[in-house]
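Nothing in this text is a laboratory measurement; each read-out follows from the coordinates by a stated rule. Everything numeric in this text was worked out from a predicted model, so none of it was measured. With ideal geometry, Cβ positions are generated from the backbone for all residues, glycine too; neighbour counts draw on all protein chains shown.
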2 protein chains.
Amino acid sequence: MKTPERADASPNAKTNAKTGTNAHARTNAKAEAKPGTRERIVRATSRLLQRQGYEGTGIKQISREAEATLGSVYHFFPGGKQELAAEAIRHGDEEFAVLLRAGLGSSPDLGEAMTSCTRLLATELRASDWQDGCPITSTALETVGRVPVIEEAVAEAFANWRAVVTDRLLAAGIGEEDARELAGTVINTLEGAELAAQVARSEEPLLVTGKHLARLLTAYADDRA
Amino acid sequence: MKTPERADASPNAKTNAKTGTNAHARTNAKAEAKPGTRERIVRATSRLLQRQGYEGTGIKQISREAEATLGSVYHFFPGGKQELAAEAIRHGDEEFAVLLRAGLGSSPDLGEAMTSCTRLLATELRASDWQDGCPITSTALETVGRVPVIEEAVAEAFANWRAVVTDRLLAAGIGEEDARELAGTVINTLEGAELAAQVARSEEPLLVTGKHLARLLTAYADDRA
DNA sequence: ACAGGAGTAGAACGAACGCTCTACCCAGAA
DNA sequence: TTCTGGGTAGAGCGTTCGTTCTACTCCTGT
């Protein structure tokens, strides 16, 4: 009912590899029309997993939200819910990495970069009425030790984020091993602070934690100097 | 089938308020026989929520695991799944608080107390094959902003844990406001580190994070001295 | 003109969901 | 004895779950 598609018309762009399935994925840059079906499905899944977790999100809800049909979902993701979730995790991975890079790159001073990173997270979280925390935590926790495809995507995301932070710490002159260890702690702490902020419906946990992280990092940076 | 109960016999102990429902709760200290039905249900729910989250856990699975019948579950928790989950969260709250107190009280030196706390968490996590992380995180994330009864229990748990840490920091001579703020960060960080350890199936994130927390705390403690 | 593949559409499957309901058991009060 | 009511027992309600399946509409290549 309602024939929702059919009006975008840009039938080219065959240069798409990257994801396993045979996606057309319409790299449609003109007039910023509705993205291709596959892309819409992934985005909707990512947002729903972020807000309701893996078990709390149904395929039918996804297809409704993405304005795609069930047939399309299984066409693009024959591996079903698990494959779809794994792909959505990869989407959220990159999304969060962008945020992280933006925050950490905002100042040459390491401490300031850290606090403005938490400020950025806090602002986004508030803007979503405390709904959109880390895009993968909930799914990660629900599936740990039980859905290998998803676990793998989650582990990759964490490694990716740690790498982003590590780079910033190395640039600040922190030694390699310290930088790697600290990067892990930074990610873990941000994760925990975001959860706390959601529960408390307040920016405070994120901001306070940012302050403490800044102090910790500068302590290590000063050791070097 | 199997008539699982019927052999404990201690039909008194009416002095039970605390929880809303009309619990008998059999304060059964002799022979440590199987706990009362209500207690078994709460414990099973707590463990299942910890491992599979809220949406991933069914009432029937709970009643099976608790060796109770569906009738018993709804007898003790007429509020259904939500009430049951809230009670299970309170159970996990106290469970985790005990762990926290044990770790933090294990040494007069603040830094050592902190690291032995993460060591304790790491050991327990490994012992459960990386399954039993924080008993409430998963449920908290899935229900945030959508199930007020549970949100409330979660918020109480967090406040409870923060209070435990705050006490320890005050005892170490840290000023009141710093202590309160740091306690929040400590809890957040432990939360994040436990998640990371589960995902990585390794004690390392917890231990490294413990080291960093110890350094942060002693830095604040030394400021005072 | 027409074959064929990509993608859309949604009915239908068996299983599981949360929850309601009635029936029953049995210890203590009368 | 009979009565009462807390607790046990599980069939069954309507709904939704993830998935499968067939039918259909386009577009493109020949």
Problem set entry | Residues being within 11 Å of DNA strand D (Cβ to nearest atom) and either within 14 Å of another protein chain (Cβ to nearest Cβ) or among the polar types (S, T, N, Q) (or both) - total across segment B:60-98 | 3
Exercise. Among the residues of segment A:162-177, is any polar (S, T, N, Q), assigned to a helix (DSSP H, G or I) and under 16 Å from A:Leu99 (Cβ atoms)?
Worked result: no
Seminar exercise, completed: All conditions in (1) outside any helix (DSSP H, G or I); (2) closer than 28 Å to B:Asp132 by Cα; (3) facing chain B (nearest Cβ under 9 Å); (4) not small (Gly, Ala, Ser) are true of A:Glu181 except (1)
Exercise. Restricting the search to segment A:48-59, which residues are more than 10 Å from DNA strand C (Cβ to nearest atom) and either outside any helix (DSSP H, G or I) or away from chain B (no Cβ under 14 Å) (or both)?
Worked result: A:Gly53, A:Tyr54, A:Gly56, A:Thr57, A:Gly58
Problem set entry | Residues satisfying the stated conditions in segment A:184-225, i.e. buried (at least 23 other Cβ atoms within 10 Å of the Cβ) and of a type in the set (Gly, Ala, Ser) | A:Gly184, A:Gly192, A:Ala193, A:Ala196, A:Ala197, A:Gly210
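Is it the case that A:Thr139 is within 16 Å of DNA strand D (Cβ to nearest atom) and touching a residue at least 24 places away in the same chain (Cβ under 8 Å)?
Yes.
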For this session: Identify all residues within segment B:120-137 that are loosely packed, with under 15 Cβ neighbours inside 10 Å and within 8 Å of chain A (Cβ to nearest Cβ); write none if there are none.
Result: B:Asp129
Exercise. Is at least one residue of segment A:99-114 touching a helix residue (DSSP H, G or I) at 6+ places or on another chain (Cβ under 9 Å), within 16 Å of DNA strand C (Cβ to nearest atom), more than 14 Å from chain B (Cβ to nearest Cβ) and part of a loop (DSSP other than H, G, I, E, B)?
Worked result: no
Exercise. What number of residues within segment A:136-164 are in contact with a Gly (Cβ under 6 Å, 6 or more places away or on another chain) and within 19 Å of A:Leu104 (Cα to Cα)?
Worked result: 1
Problem set entry | Selection count, segment B:138-178, where residues are at the interface with chain A (Cβ under 7 Å from one of its Cβ atoms) and among the aromatic types (Phe, Trp, Tyr) | 1
